[in-house]
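Trainee: Before I ask anything, here is the structure I am working with.
The values are calculated or read from the model by the stated rules, or taken from the named source; none is laboratory data. Since this is a predicted model, take the numbers as computed values, not measurements. For neighbour counting, all protein chains shown are included, and Cβ atoms are generated from backbone atoms with ideal geometry for every residue, glycine included.
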Amino acid sequence: MTPRNEQYERWIAQKILAARQTTTIGEAGKTGTWRTIRPVLIPEKCLVVKSGKPTCHKCWLYCPEATVSRSIPPVFDYDYCKGCGICATECPTEAIQMVPEKEAPSCAETIANAGGNADA
Amino acid sequence: MPEKLVITGNFAAAYACKSANVDVVAAYPITPQSPVVEKISEFVESGEMPDTQFICVESEHSAMAACVGAAEAGARVFTASSANGLALMFELLCWCAGARLPAVVCIASRALGAPWTVWTDHQDAISMRDTGFMHQFCETNQEIYDSVLMAYRIAEDPRVFLPMFVTYDGYLLSHTMMPVQIEDPEKVRDFLPPLKTHVDVGELGETRSVSAVIPPDITVRPEGNTPGYMEYRYAMQKAHEYAIDVIEEVNREFKVKFGRSYGNGIYTSYKIEDADILIFGIGSVASQSRMAVDQLRSEGIKAGLISLKLFRPFPVKHLREIFTRVPLVVVFDRDVAYGYEGVLAYELKAALYPCQNRPIIRSYIVGLGGRNIPTDTLTKAVKRAIKEKDDSSVQLDPHTDFLDLDLDRLGLSIEDMQKEAQ
């Protein structure tokens, strides 16, 4: 065991402050498999699509998992979207509809992509 | 110009917030803390705190959550609570400390329900012990004002970066008026410059993740290995240990700047120079013990008082130095670690255990749920401790002494018990 060096202890303790790590995408597995309902964009209602400009983007701003892109149109990353529905609630024009996963076509595909790890 | 106002403890806390030019206040009212929030909202509404954002929330949990969020973005934050409201805050208090956010939280202390009560004791504040917050207690309204200012200086020191509680007794201070000197804003700003956090707001938009899931072990990353949970918690414990120096330093600097100080910033003492017996207490219990010391001295008993100001980090070194000078220490706790004994008592015992000249420590529970603590009760208890000092059957008996229980008046006598047994 290394002998106690108080100066070093002080120094390193100040180097390890709050946890602000640059996590890698997918570090906690494909969390999209937790989803039971998924957001689906209705482009005719979306302000971003209609204006053709990065205007509203409330879905991008409010998504707690950063799974909505700030693009035209906004795109959902279904690998990591947990289906919380905050984007649908925040959307001022109701352009996002939450659809039950069993009715969505690519549900089985998502689980298969995640290596069948649906319980994670 | 500094102004002298006659105000309650709650208002002293609110004025301290104003002097500290706090950026974000989010609080939810609960007796006896409510006037703090009311006064701050008044300041904000009238434009006296133009830089402060007051967030109305639906609970204490949300209040602290809002403070955590604001502090993560680099703001100086404040909230206050009491008892069950404080208990509701618990999760976010742990979060605040773990994320190393320099928040200041005032506690107008009050007993915890059930049974439902609004009167004071220290149970709520003491129960927040292991959140990771630093913790100061106050004895006067001026001390509340000063302690909040000092708390920000300590919490925001780059060597510390930990949040801090400033606790004062509900009603006894929170609703009692005393003269309080409110300092000149310029002078306060000089003592307490705007917060420079460890948070680089610019990086928040990047892929940086704030307080993400941290695995047990070091994570190997291309940009450099990152700490595991245990390394973060080690750093937090070390910050507590090193904070004691900073606290003493800030107390000294405060004295130079404003002419007031509170002992060494760790504890205040009363007539300890020639004392054979030391009383140990916090807040209102310590205030009342000053009277007890005087009364005991008038009867020829050389008593003294150590009023603990800094509860966390627990100042083990300071306490060892002072308490190994006497053969007997009497601890009055206005709290109980249920299933064991008074918290101050057992923490002091643990602190002194490795010392050669450790004193006999006698512990008493007083004033739970706002029960009055008369000076006589304290002096009698000290005299009993003196009498039983060398009685090993008393010292070895694991029991708690509740002072001023009034069981007789319940109309249930020993005779009644015997009758029932027949």
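Trainee: For the range B:78-102, enumerate the residues that are touching a helix residue (DSSP H, G or I) at 6+ places or on another chain (Cβ under 6 Å) and under 14 Å from B:VAL37 (Cβ atoms).
Mentor: If the condition is that a residue be touching a helix residue (DSSP H, G or I) at 6+ places or on another chain (Cβ under 6 Å) and under 14 Å from B:VAL37 (Cβ atoms), then B:PHE78, B:THR79, B:ALA80, B:SER81, B:GLY85, B:LEU86, B:MET89 are the ones that fit.
Trainee: Specify the residue that is surrounded by the fewest Cβ atoms within 10 Å (Cβ to Cβ); the eligible residues are those in the range B:2-37 that are among the small types (Gly, Ala, Ser) and not in a strand (DSSP E or B).
Mentor: Looking at the filtered set, the residue picked out is B:SER34.
Trainee: Kindly indicate whether any position in the range B:291-311 is touching a Lys or Arg at 6+ places or on another chain (Cβ under 7 Å), under 30 Å from B:GLN356 (Cβ atoms) and of a type in the set (Phe, Trp, Tyr).
Mentor: No - not one qualifying residue is present in the range B:291-311.
Trainee: Which one is surrounded by the fewest Cβ atoms within 10 Å (Cβ to Cβ), of the residues in the range B:313-365 that are of a type in the set (Lys, Arg) and more than 20 Å from B:PHE165 (Cα to Cα)?
Mentor: B:LYS317
Trainee: Now, a different point. Go through the residues of the range B:112-129 one by one and say whether even a single one is hydroxyl-bearing (Ser, Thr, Tyr), in contact with a Phe, Trp or Tyr (Cβ under 9 Å, 6 or more places away or on another chain) and either within 14 Å of chain A (Cβ to nearest Cβ) or more than 18 Å from B:SER34 (Cα to Cα) (or both).
Mentor: The answer is yes; a qualifying residue exists.
Trainee: Another one. Here is a check on your reading of the model: is B:ILE247 buried (at least 22 other Cβ atoms within 10 Å of the Cβ), of a type in the set (A, V, I, L, M), in a helix (DSSP H, G or I) and in contact (Cβ under 8 Å) with a residue 60 or more places away in the chain?
Mentor: yes
Trainee: Does the range B:114-142 hold any residues that are of a type in the set (D, E, K, R) and either assigned to a loop (DSSP other than H, G, I, E, B) or touching a Ser or Thr at 6+ places or on another chain (Cβ under 9 Å) (or both), and which are they?
Mentor: B:ASP121, B:ASP124, B:GLU139
Trainee: Pull out all pairs, ordered by first then second residue, where Cβ-Cβ is under 7 Å, the residues are six or more apart or on different chains, the first lies in the range B:187-205 and is within 14 Å of chain A (Cβ to nearest Cβ) and surrounded by 11 or more Cβ atoms within 10 Å (Cβ to Cβ), and the second is modelled with pLDDT under 95 and not in a loop (DSSP other than H, G, I, E, B).
Mentor: Filtered contacts from the range B:187-205: B:VAL199/B:GLU72.
Trainee: Here's something else I'd like to know. May I ask you to verify whether B:GLU273 is assigned to a helix (DSSP H, G or I) and over 18 Å from the mean Cα position of the chain (by Cα)?
Mentor: Here the answer is no, as B:GLU273 does not meet what is asked.
Trainee: Right, another one. Might you let me know whether the range B:116-125 holds any residue that is at pLDDT 95 or above, crowded, with 24+ Cβ neighbours inside 10 Å, under 26 Å from B:LYS238 (Cα atoms) and of a type in the set (Asp, Glu)?
Mentor: yes
Trainee: Let me ask something else about it. Assess whether B:ARG159 counts as being closer than 19 Å to B:ALA65 by Cβ and at pLDDT below 95.
Mentor: no
Trainee: I would also like to ask the following. Answer yes if at least one residue in the range B:322-329 is closer than 25 Å to B:GLU249 by Cα and in contact with a Ser or Thr (Cβ under 9 Å, 6 or more places away or on another chain), and no otherwise.
Mentor: Checked against the condition, which is being closer than 25 Å to B:GLU249 by Cα and in contact with a Ser or Thr (Cβ under 9 Å, 6 or more places away or on another chain), the range B:322-329 yields at least one hit.
Trainee: Next question, about the same structure. Would you mention how many residues in the range A:30-66 are surrounded by 13 or more Cβ atoms within 10 Å (Cβ to Cβ), more than 14 Å from A:CYS84 (Cβ to Cβ) and among the charged types (D, E, K, R)?
Mentor: Residues flagged as surrounded by 13 or more Cβ atoms within 10 Å (Cβ to Cβ), more than 14 Å from A:CYS84 (Cβ to Cβ) and among the charged types (D, E, K, R) within the range A:30-66 amount to 4.
Trainee: Look through the range B:145-177, keep the residues that are touching a strand residue (DSSP E or B) at 6+ places or on another chain (Cβ under 6 Å) and under 14 Å from B:MET236 (Cα atoms), and return whichever of them is surrounded by the most Cβ atoms within 10 Å (Cβ to Cβ).
Mentor: B:MET164
Trainee: Of B:GLY74, B:GLY113, B:GLY98, which residue is under 26 Å from B:PHE191 (Cβ atoms) and surrounded by fewer than 24 Cβ atoms within 10 Å (Cβ to Cβ)?
Mentor: Testing whether each residue is under 26 Å from B:PHE191 (Cβ atoms) and surrounded by fewer than 24 Cβ atoms within 10 Å (Cβ to Cβ) leaves just B:GLY74.
Trainee: Looking at the range B:1-42, which of its residues are under 23 Å from B:ALA71 (Cα atoms) and touching a Cys at 6+ places or on another chain (Cβ under 8 Å)?
Mentor: Once the filter is applied, which keeps residues that are under 23 Å from B:ALA71 (Cα atoms) and touching a Cys at 6+ places or on another chain (Cβ under 8 Å), the range B:1-42 yields B:ALA13, B:VAL24, B:VAL25, B:ALA26, B:GLN33, B:VAL36, B:ILE40.
Trainee: Can you name the condition, by its number, that B:PRO29 falls short on among (1) in contact (Cβ under 8 Å) with a residue 12 or more places away in the chain; (2) under 28 Å from B:GLN123 (Cα atoms)?
Mentor: With (1) in contact (Cβ under 8 Å) with a residue 12 or more places away in the chain; (2) under 28 Å from B:GLN123 (Cα atoms) applied to B:PRO29, the lone miss is (1).
Trainee: Being in contact (Cβ under 8 Å) with a residue 40 or more places away in the chain, away from chain A (no Cβ under 14 Å), under 21 Å from the mean Cα position of the chain (by Cα) and buried (at least 18 other Cβ atoms within 10 Å of the Cβ) narrows it down to one of B:GLY283, B:GLY263, so name that one.
Mentor: B:GLY283
Trainee: Collect the residues in the range B:214-240 that are in a loop (DSSP other than H, G, I, E, B) and surrounded by 18 or more Cβ atoms within 10 Å (Cβ to Cβ), keeping them in residue-number order.
Mentor: B:ILE214, B:PRO227
Trainee: So B:VAL160 fits all but one of (1) within 14 Å of chain A (Cβ to nearest Cβ); (2) within 13 Å of B:PHE311 (Cβ to Cβ); what number is the exception?
Mentor: In the conditions (1) within 14 Å of chain A (Cβ to nearest Cβ); (2) within 13 Å of B:PHE311 (Cβ to Cβ), B:VAL160 misses (2) alone.
Trainee: Shifting gears a bit: When residues of the range B:242-260 are filtered for being at pLDDT 95 or above and within 14 Å of another protein chain (Cβ to nearest Cβ), how many remain?
Mentor: Looking only at that region, the number is 4.
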